[in-house]
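The values are calculated or read from the model by the stated rules, or taken from the named source; none is laboratory data. Source: prediction; values computed, not measured. With ideal geometry, Cβ positions are generated from the backbone for all residues, glycine too; neighbour counts draw on all protein chains shown.
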Amino acid sequence: MGVFKRKHPWDKFYKKNERTIKVPNMSLYELILDANKDNLNGIAINYFGKKITYRQFFAEIDACAKAFIKEGVTPGDVITICMANTPEAVYAFYAASKIGAIASMLHPFPPKKKSKIRLFPLKVLI
């Protein structure tokens, strides 16, 4: 595990061990899978009343990851995900993490100037 430390003015109010965050050496996908592997029937997402269990959640992530790989996405690639806040956007984010790609989240309705700034520095694959 890596350790993340920063110095801030409010540090004086905390004990030394309270100012250190241990960062596990795993992807976000691995982290959420590990935390919920024994809770597959639990609710991962409640989207406007539609309840999605962790079992369904991981199945959707797997399907999305397979589709990314089929399209040629490899570890280290940047995937721009331009979607509204839906379960599918979450699946895409974690699918990228699962295969070692980087998810660059882009809101579908930004001001035009901002969207151009975010897209040009990236090599978009899909």
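Structure notes:
- Filtering segment 91-101 to residues that are outside any helix (DSSP H, G or I) and either modelled with pLDDT under 95 or touching an Asp or Glu at 6+ places or on another chain (Cβ under 6 Å) (or both) leaves only Ala101.
- Considering residues of segment 42-56 that are surrounded by fewer than 16 Cβ atoms within 10 Å (Cβ to Cβ) and of a type in the set (Gly, Ala, Ser) only, the residue nearest to Leu106 (Cα to Cα): Gly49
- Residue count for segment 57-90, restricted to those that are part of a helix (DSSP H, G or I) and loosely packed, with under 13 Cβ neighbours inside 10 Å: 2
- Residues of segment 57-92 classified as free of Cβ contacts under 8 Å to residues at least 40 places away in the same chain and under 15 Å from Pro108 (Cα atoms), total: 9
- Considering segment 22-45, and only residues there that are touching a residue at least 40 places away in the same chain (Cβ under 8 Å) and in contact with a helix residue (DSSP H, G or I) (Cβ under 6 Å, 6 or more places away or on another chain), the residue that is farthest from Ala65 (Cα to Cα) turns out to be Ile45.
- Segment 38-90, residues that are at pLDDT below 95 and touching a Lys or Arg at 6+ places or on another chain (Cβ under 7 Å): Val78
- Segment 13-36, subset closer than 23 Å to Ala103 by Cα and either in a loop (DSSP other than H, G, I, E, B) or of a type in the set (Ser, Thr, Tyr) (or both), residue nearest to the chain's Cα centre (by Cα): Tyr29
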